[in-house]
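Student: First the structure, which I've put down as structure tokens, then a few questions once you've had a look.
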Amino acid sequence: MGRPIVAIVGRPNVGKSTLFNRLAGKRIAIVEDIPGITRDRLYADAEWRERGFVVTDTGGIIFNEQDPLKLQVKRQAELAMDEADVIVMIVDVTEGVTPTDEELAVHLRKTRKPVLLAANKADNVKLESEAAEFYSLGLGEVRPVSSLHGRGVAELLDAILDNIQHLPAEEEIPEEAIKLAIIGRPNVGKSSILNAILGEERSIVSSIPGTTRDTIDTVFQRDEDQFALIDTAGIRRAGKIQGSIEYYTVLRAIRAIERSEVALLIVDAADGVTDGDKRVGGYAHQAGKGCVIVVNKWDLRRQGERRTTIRDFTTHVRKEMQFLSYAPVAFASALEGKGISEILDTAKDVAENCALRISTGELNRIIGDAVDARPRTEKGRAFKVKYATMVSVKPPTILLFVNDPDMFHFSYRRYLENQIRKTYSYEGSPIRIIAKTADKEKPE
């Protein structure tokens, strides 16, 4: 089922982003003492006692005329209840129970998901004792924490672990099936692409319902190849959700990406590449999954004043999403049913590339030639690669044994990656290169 999702919810300025950063082990979210500073919903990988999970920072609940406070509270709570495996509600022990806390708690009490109540800013023993008033919210045990100083965070993590380690698994997708996740921001045509794929490929093998939530994986046969579309229920449903739709889409996309081999990132040709497209594409890249950028509604750019060539639009995509420079771009019109076969052909190639392994001898030859052609020095010292090996695939992950990992600058990592791609293109697949200090026993 991929990694469980732990959602952090609460009103503005209670310290959600600080806790998010603490759990993720690095500073990711913007943290300032200003209500509503968290503009984007964020997620990060986290690990505790060798168990990995995804932690999401949902952003604060902000009042404005277009989105009344109570409605926003209700939407955010319902989204967390629907998508997360564990919900952590944050309150501020220095301010006590507020009406917004009570409103949020009302909705969280309705869920069957585990809800952990963390009383934040309990920086000392006196404040810890004042956390008891939050028992009035009816959410069970109150856990005093100080996200800033780390007090009580280990105990909170233990409680999270207790609630995720026994989660039931999804039903098994056939091992030979190529697992595809259709992802993208709202209203780009994900459901239309899904319907076009399933409409053309009529030999549906099965629909596999998940055991832990309302997911449905659709498995179908195409010639000699079997594909599995991950969480087709989420694709159909997301367009019907109103309100905080982006947060819903993000959680759903994260879960689908985790379980897939290749992500089909849908971009709306009429809109061009937007910041939302980049965000969702970034999730696939960070997860190390294969990716195909699918430009949907291409029929709208072939006509009228905004007429564009495939070459020009591809240039636009490459400029706006440089981090996905390895991902092929496919053009389609779900409305006209065009380009659908090409999407599946490309996805199959990408899945094969993600699983491609380079022999150790060949890899060392490529890396050695690259280092010789462009030596890296720093303060009079030469960066040396003693040995290279591909330790895993999906994505291809290369471990370099070097004299000094600190000298392995990101630009040099990119250079070595580009040299590898000259021989093995790995189209659609990210390549991860990790540097480690060479042991004396390693071959020269």
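The values are calculated or read from the model by the stated rules, or taken from the named source; none is laboratory data. It should be emphasised that the depicted structure is a prediction, and the values quoted were computed from it without experimental measurement. All Cβ positions, even for glycine, are placed from backbone atoms using ideal geometry, and neighbour counts span all protein chains on display. For the accessible areas, the whole protein counts, side chains as well, though only heavy atoms, and no ligand, DNA or RNA atoms are used. Shrake-Rupley method; radii C 1.70, N 1.55, O 1.52, S 1.80 Å.
Student: Hey, among the residues in the range 391-425 that are among the polar types (S, T, N, Q) and outside any helix (DSSP H, G or I), which one's modelled with the lowest pLDDT?
Tutor: Here is the first cut: in the range 391-425, the residues among the polar types (S, T, N, Q) are 392, 397, 403, 411, 418-419, 423, 425.
Subset that is outside any helix (DSSP H, G or I): 392, 397, 403, 425.
Working: SER392: 94, THR397: 96, ASN403: 93, SER425: 90.
Restricting to residues being among the polar types (S, T, N, Q) and outside any helix (DSSP H, G or I), the top hit is SER425.
Student: In addition: May I ask you to say which residue of THR397, THR389 is surrounded by 14 or more Cβ atoms within 10 Å (Cβ to Cβ), of a type outside the set (Gly, Ala, Ser), in contact with a Leu (Cβ under 6 Å, 6 or more places away or on another chain) and under 30 Å from GLU258 (Cα atoms)?
Tutor: Exactly one of THR397, THR389 is surrounded by 14 or more Cβ atoms within 10 Å (Cβ to Cβ), of a type outside the set (Gly, Ala, Ser), in contact with a Leu (Cβ under 6 Å, 6 or more places away or on another chain) and under 30 Å from GLU258 (Cα atoms), namely THR389.
Student: Please verify whether the range 339-350 includes one or more residues that are hydroxyl-bearing (Ser, Thr, Tyr) and either within 21 Å of the chain's Cα centre (by Cα) or more than 20 Å from LYS190 (Cα to Cα) (or both).
Tutor: no
Student: Okay, next question. From the residues in the range 315-350 that are of a type in the set (S, T, N, Q) and crowded, with 16+ Cβ neighbours inside 10 Å, which one is farthest from ASN195 (Cα to Cα)?
Tutor: Checking each candidate, the answer is THR346.
Yes/no per residue for (1) on the phi < 0 side of the Ramachandran plot; (2) under 13 Å from the mean Cα position of the chain (by Cα); (3) surrounded by fewer than 24 Cβ atoms within 10 Å (Cβ to Cβ):
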position	(1), (2), (3)
ALA253	yes, yes, no
ALA256	yes, yes, no
SER260	yes, yes, no
ILE266	yes, no, no
ALA270	yes, no, yes
ASP275	yes, no, yes
ALA287	yes, yes, yes
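Student: Only one of (1) part of a loop (DSSP other than H, G, I, E, B); (2) surrounded by 14 or more Cβ atoms within 10 Å (Cβ to Cβ); (3) free of Cβ contacts under 8 Å to residues at least 40 places away in the same chain fails for ASP439. Which number is that?
Tutor: Against the list (1) part of a loop (DSSP other than H, G, I, E, B); (2) surrounded by 14 or more Cβ atoms within 10 Å (Cβ to Cβ); (3) free of Cβ contacts under 8 Å to residues at least 40 places away in the same chain, ASP439 comes up short only on (2).
Student: Check every one of the strands (runs of 3 or more DSSP E) wholly within the range 190-277 and list those with 3 or more residues that are at pLDDT below 65.
Tutor: Qualifying strands (runs of 3 or more DSSP E): 204-209.
Student: Taking ASN353 as the residue in question, decide whether it is open to solvent by less than 50 Å² (accessible area, probe 1.4 Å), at pLDDT 95 or above and either assigned to a strand (DSSP E or B) or under 30 Å from ALA177 (Cα atoms) (or both).
Tutor: So ASN353 fits the description; yes.
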